[in-house]
1. Out of the residues in segment 16-40 that are free of Cβ contacts under 8 Å to residues at least 60 places away in the same chain and buried (at least 19 other Cβ atoms within 10 Å of the Cβ), which is farthest from residue 137 (Cα to Cα)?
2. Taking into account only those residues within segment 300-309 that are surrounded by 17 or more Cβ atoms within 10 Å (Cβ to Cβ) and not polar (S, T, N, Q), which is nearest to residue 187 (Cα to Cα)?
3. Out of all the residues in segment 41-49, is one or more surrounded by fewer than 16 Cβ atoms within 10 Å (Cβ to Cβ), out of contact with any strand residue (DSSP E or B) (no Cβ under 8 Å at 6 or more places or on another chain) and in the same structural domain as residue 30 (by TED's automatic domain parsing)?
4. Restricting segment 310-357 to residues that are in a loop (DSSP other than H, G, I, E, B) and more than 17 Å from residue 289 (Cα to Cα), which is least open to solvent (accessible area, probe 1.4 Å)?
5. Against the definition (outside any helix (DSSP H, G or I) and loosely packed, with under 15 Cβ neighbours inside 10 Å), how does residue 258 come out, yes or no?
6. Those residues that are over 13 Å from residue 82 (Cβ atoms) and touching a helix residue (DSSP H, G or I) at 6+ places or on another chain (Cβ under 6 Å), I need them from segment 39-51; list them, please.
7. Does at least one position in segment 362-377 carry a residue that is modelled with pLDDT of 90 or more and in contact with a helix residue (DSSP H, G or I) (Cβ under 9 Å, 6 or more places away or on another chain)?
8. In contact with a Lys or Arg (Cβ under 8 Å, 6 or more places away or on another chain), open to solvent by 90 Å² or more (accessible area, probe 1.4 Å) and not in a loop (DSSP other than H, G, I, E, B) - does that describe any residue in segment 242-253?
Amino acid sequence: MAQTIQHEISPFLDPGPRTKANSLAILQLSRDNLLPVYLQPPTGEVDGYAEGAVVNTRYGSFPHSTMIDVPWGSQIRASKVDTGSRGRKRKREATTDVEGVSREGTAAGATNEQDNEASVTANNSGSATPASVAPTVKQAIADTSGFIHILPPTPEVWTSSLPHRTQVVYTPDYSYILHRIRARPGTVLIEAGAGSGSFTHAAVRAVYNGYPREGEKRRRGKVYSFEYHEERYHKMKQEIKDHGLTGLVQLTHRDVYKGGFLVDEGKSPEADAVFLDLPAPWEALPHLSRRKPRGFDVGEEGKKWVSPLNPKKSVYLCTFSPCIEQVQKTVSMMRRLGWVDIDMVEIANRKYHASRDRVGLHLNFDRGVNNSPKDVEEALKRLTEIEERTRQHAARAREGGDGDVEMESGDEGDVAVKLEDTAAEQPQESSSSSVAPWLEGRLITRGEPEIKTHTSYLVFAVLPREWTEEDEAAAAAMYPLGKEQKVIGAVDKQLRKQERREQLQQKSGGNSRKERRKQRDEKIGQECAPMAEES
């Protein structure tokens, strides 16, 4: 009986309805600004903050305690935190009543001053709080500085927020790649060039059909990832552990150009799909063969060749190359090794923003409004109003000054400008048109200024399974040749014509064609006889 091993489900696969402590969350600061954070439970003062761990952003400060046990997608308001004592030691001398007031007006007496100083020193040095000092967590107070949203970790938002160690495979690319290589629940996938882990997280979600169990014979989906760079390998391994993907991703530090794709001391992963994000994928292709290829230095001398591919299925491959010269070498090597259905694709993803261009002097000075004349008629009407007001103002100035105050030649234009500014500051009357405000103006579209996609060429290919003599014998036993009945190909032409005649005779009751024609003419004559008598 298979032994059941309990696995904590990764938040990338099942984040649950609410946030949890000691788990990953993505903070959305703005539309294109995402920040990954591991939520820490409030256990005491952290870095001088009495509220515990705090995330400081341009929109305010956000204690972790306000982001735990809330529904995903919630809006988190900023909090008031005291940053004055952060990272500083408190003075030992006695303080006055004003100096003894701590954060938010809480009294900090001289008797507790040494304990507080020890607590701050311990936090700054990274050591634990002494057992004699009970951890206290201050309740966060909401502020009006701003807000953020908290999102569950998914491969899409992780790709936009992860720390870049290499060039990232973005969502438009890996979504199409996983579709073309037929990654589905239960698929075993090989990835060479883990890099920053963007494709790894997306591949795990695509092949996941449960965590493996000890002694289980059922085939579970898994990703075998290979990384050559040692520093990136250790960082990627820690991320896999923190994200709860240890049982689903097996990361190996190896140069696949020389070492190949075998795992666990020469064991084959029996992969159904392969993704190569390498500078020279043609050097790794000889290791992805059914049998040891001739003319290539692969495998160890004197040892039996072990293929990393699934022997019972066709294998689908994708390579990710930024240069067309790399594509040419890769395709040439694929043809030498027997890959078929070779195809190259380039993904060009671009978003378009749609809006309406609202133009007119009658519109208020709202965001996105072009407050200028929409046509010549409206411009002339506005100029006429300005000139009329200018004349009225000049007349009032002459009358009020008893003829002593006269306008100079350049004053009239200045008055017109002032009048126009004053009219612009006054709220304009809304349009008398019955059209809704969101339908006014021309509908315009503009492309996204920054396209987050990696300009590369995707080369796809298929390696069919080998058809052995045993497979041929099994197929012949299941579908024997030469014993088919009523199958086109096993019956000659004359016999098929005879069978067709017999079928027609059965439908017509055994009569020949002449007899059927004679019966039809007689029936028509009987129907036409009454009509002839009436006429």
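The values are calculated or read from the model by the stated rules, or taken from the named source; none is laboratory data. Note that the coordinates shown come from a computational prediction; the quantities given were computed from them, not determined experimentally. So basically every Cβ, Gly included, is an ideal-geometry build from the backbone, and we count neighbours across all protein chains shown. Accessible surface is based on the protein model in full, side chains and every heavy atom, while ligands, DNA and RNA are left aside. Shrake-Rupley method; radii C 1.70, N 1.55, O 1.52, S 1.80 Å.
1. So the residue we want is 23.
2. If we take residues in segment 300-309 being surrounded by 17 or more Cβ atoms within 10 Å (Cβ to Cβ) and not polar (S, T, N, Q), then 309 is nearest to residue 187 (Cα to Cα).
3. The answer is yes; a qualifying residue exists.
4. 347
5. Values: outside any helix (DSSP H, G or I): no; loosely packed, with under 15 Cβ neighbours inside 10 Å: yes.
In short, no.
6. Answer for segment 39-51, where residues must be over 13 Å from residue 82 (Cβ atoms) and touching a helix residue (DSSP H, G or I) at 6+ places or on another chain (Cβ under 6 Å): 39, 40, 42.
7. Our first condition is that a residue be modelled with pLDDT of 90 or more; within segment 362-377, this holds for none.
No, the conditions are met nowhere in segment 362-377.
8. No, the conditions are met nowhere in segment 242-253.
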